[in-house]
């Protein structure tokens, strides 16, 4: 089969549809968020961010989003407690607006 015909068989991939399956290790989350492992451990405990894994924490995309929101709030000058609350409120508000309308 010629390359041109092979390319015609392909369709665009919507990566967003698959993000829920992504699992990240502690080091990967730190690299993406731009924080230290010590910070991530502390934030995970303080904010009660759900993780999986026994020997090493595994974060899903929602946990990564929470970490990124906390980092954003901290960068804007909020203390950790306020940053955690802001992240929770933001996530709650965005989930409320994602509900389908009838």
Flagged in segment 39-56 as surrounded by fewer than 19 Cβ atoms within 10 Å (Cβ to Cβ), touching a helix residue (DSSP H, G or I) at 6+ places or on another chain (Cβ under 7 Å) and not in a helix (DSSP H, G or I), in numbering order, are 50, 51, 56
For segment 64-86, does any single residue satisfy the condition of being in contact (Cβ under 8 Å) with a residue 40 or more places away in the chain, part of a helix (DSSP H, G or I) and closer than 24 Å to residue 16 by Cβ? yes
Could you give me the residue pairs with C-beta distances under 7 Å whose first residue belongs to segment 26-43 and is farther than 15 Å from residue 57 by Cα, whose second residue is buried (at least 17 other Cβ atoms within 10 Å of the Cβ) wherever it lies, and which are 6+ apart or on separate chains? 32/64; 33/67; 33/71; 34/71; 35/71
Out of all the residues in segment 18-38, which are exposed (fewer than 11 other Cβ atoms within 10 Å of the Cβ) and either part of a helix (DSSP H, G or I) or touching a strand residue (DSSP E or B) at 6+ places or on another chain (Cβ under 8 Å) (or both)? 18, 20, 21, 38
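Every number here is computed from the coordinates shown, using simple stated rules; none is lab data. Computed from a predicted model, the values in this text were never measured in an experiment. Heads up, the Cβs are rebuilt from the backbone with ideal geometry, glycines too, and the neighbour counts pull from every protein chain shown.
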